[in-house]
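K.L.:
This is the structure I want to talk about, given as structure tokens.
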Amino acid sequence: IDTGISGRIAQRTAEKMYAISKKHQVLCVTHLPQIAAISDTHYLVLKDVHNNNTYTRIKKLNNEEKEHELAKMLGGSEVTEITLAHAKELIKQIISNKRSRSFFEMIFYCFFEKIRLKINTFTFNESI
């Protein structure tokens, strides 16, 4: 869902996914910090190879670990004070945005999203 997007479009995608998550469970695998930061629960997926066998591990992250992983997404494998501060600021902004969206806005969005989905799946039969 997030292939070929970044910046503001990634943020908008994250906001839409968050709105959807109010009524449905959403599981998203992403490498975009804007999308990962909006999660209520963040998991790290790790791949290990031992004796030519590949193993996948999944770890539920606490808040500090989430900040660290977001910092890696923002700045590469080396986490610096600046990338960590950026990750913390991103999370802070998202928490603020989540709290500021009113109940009415969420209902309004969900209502019009349902209409849009119905319009997109409706088939018109025209005869000329």
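K.L.:
Quick one: order Ser39, Ser100 from most to least accessible surface, probe 1.4 Å.
P.N.:
Ser100, Ser39
K.L.:
I'd like to check one number: the per residue accessible area of segment 13-108, probe 1.4 Å, reported in Å² as a whole number.
P.N.:
On the way: 7080 Å² over 96 residues.
For segment 13-108, the solvent-accessible area averages 74 Å² per residue.
K.L.:
State the percentage of accessible surface on segment 1-93 attributable to carbon and sulfur atoms; use a 1.4 Å probe and exclude ligands, DNA and RNA.
P.N.:
The C+S portion of the solvent-accessible surface of segment 1-93 is 50 percent.
The values are calculated or read from the model by the stated rules, or taken from the named source; none is laboratory data. All of these numbers come straight from a predicted model, not from anything done at the bench. For the accessible areas, the whole protein counts, side chains as well, though only heavy atoms, and no ligand, DNA or RNA atoms are used. Shrake-Rupley method; radii C 1.70, N 1.55, O 1.52, S 1.80 Å.
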